[in-house]
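Encoded as structure tokens, the structure appears first; notes follow it.
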Amino acid sequence: MGSPSLGLGARAGGLTMQFGLMLRAQFPQGDDMQARFQEQLEQARLANALGYASLTKGMHYSSAPWQGLQQLPFLCRVMAEVPDLRINFGLILLSLHKPLDVAEQIATVDVMSGGKVIFGVALGYREVEFLAFGTTQKERVKRFEENLEAVRRLWTEDVVNMVGSHFTLLGASASTKPVQKPHPPIWIGANADAAIRRAARLGDSWYVNPHNRSDTIVRQVEVYKRALDAHDKPFPAEFPARREVFVARSRSEAIRLCAPFLAAKYEAYHRWGQDRAMPEGDNDLGVDFDDLIRDRFLLGSPDEVAEQMLVLNRATGINHLIMSVQWPGMPQSLALDELHMLAEEVFPKVRQG
């Protein structure tokens, strides 16, 4: 595997903490998408200037009630503005796609970025997406595993012969290979315990989701460790997680500023059925906002958020924290303030911690 620059780091719990920015690029209906895209570029340039480590974009289709920009063209354009950041495809809904296409597209981006791509993948959970791509929820695990095996082989073998349930590779080859050897890091997103065991078996790392409570993640890290042991695999040196993060002068101010936008986003997740992918006992995103935020998001003053990051690191080993700091409808000025406050007032406290 290649070793791109790790960017801004912090020694936390004996591990190097990296801080990444998640740009959802989702906006309310009626927003001027060209204007919003220029704002996303501004955030990306600022993150690069402030020393963030990575830039992430997720993947969803038919994303009502939001408008959304698609992952591949978005990241290809934005990476031109962020020469120091790793580019995280976090996550590709791999079950929807064909492996030769994915292998060639991602290898091309790895070449164009100078070997900075992270290949994040997940099953997906929304019926509208499976139906639109001519598949089903029932088929998703088989398709996911076949696709991942095929992509890995296309990146590492000159010629691939493989018959899957939905593709045939007969003397196939990837037109270009990734810069990173043997391939870009493979992060597998997972919510439920069974999916975490799959991530241990198939991936370079489990990519921890933003939805589960911290106590759930602490429990699931033990599930992950046991699964790694079962496959004689070491705990990954880089252990990434997505979290919703908002910092202000006080916790009450942070909640007041972010609540309208963060609550609306999680109402949409609840309508989309994200809960159904989550583990028993932590699978209701429809609770009221006060219950939703308890032990789930990183919110508060700089001191409080830094301490929450350190607690999470010490309890789990998570050392690449990918932060969502803006939700649909949130003004650009608030997002820019967040990027500054995190880099200037939170990350130094985590380094000192």
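The values are calculated or read from the model by the stated rules, or taken from the named source; none is laboratory data. Just so it is clear, the structure is predicted and the values come from calculations on it, not from any experiment. A quick note on method: Cβ atoms are made from the backbone with ideal geometry, for glycine too, and the neighbour counts reach across all protein chains shown.
Structure notes:
- Qualifying positions in segment 17-26 - among the hydrophobic types (A, V, I, L, M, F, W, C), in a strand (DSSP E or B) and at pLDDT 95 or above: PHE19, LEU21, MET22
- Test for ARG153: is it over 21 Å from the mean Cα position of the chain (by Cα) and surrounded by fewer than 24 Cβ atoms within 10 Å (Cβ to Cβ): yes
- The lone exception for PHE235 - which of (1) outside any loop (DSSP other than H, G, I, E, B); (2) touching a Phe, Trp or Tyr at 6+ places or on another chain (Cβ under 9 Å); (3) surrounded by fewer than 17 Cβ atoms within 10 Å (Cβ to Cβ) it fails: (1)
- Matching residues in segment 44-64 - criterion: being of a type in the set (S, T, N, Q) and touching a helix residue (DSSP H, G or I) at 6+ places or on another chain (Cβ under 6 Å): SER62
- First in segment 305-333 and under 19 Å from HIS211 (Cβ atoms) and modelled with pLDDT of 95 or more, second anywhere and among the small types (Gly, Ala, Ser) and in a helix (DSSP H, G or I), Cβ under 7 Å, 6 or more apart: LEU312/SER214; VAL325/ALA335; GLN326/ALA335
- Of all the numbered requirements in (1) closer than 17 Å to TRP187 by Cβ; (2) modelled with pLDDT under 95, HIS97 misses one, and that requirement is (2).
- Pairs, first in a loop (DSSP other than H, G, I, E, B) in segment 192-213, second of a type in the set (Val, Ile, Thr), C-beta under 9 Å, six or more apart: GLY203/VAL121; GLY203/ILE186; GLY203/ILE188; ASP204/ILE186; ASP204/ILE188; ASN209/ILE217; PRO210/ILE322
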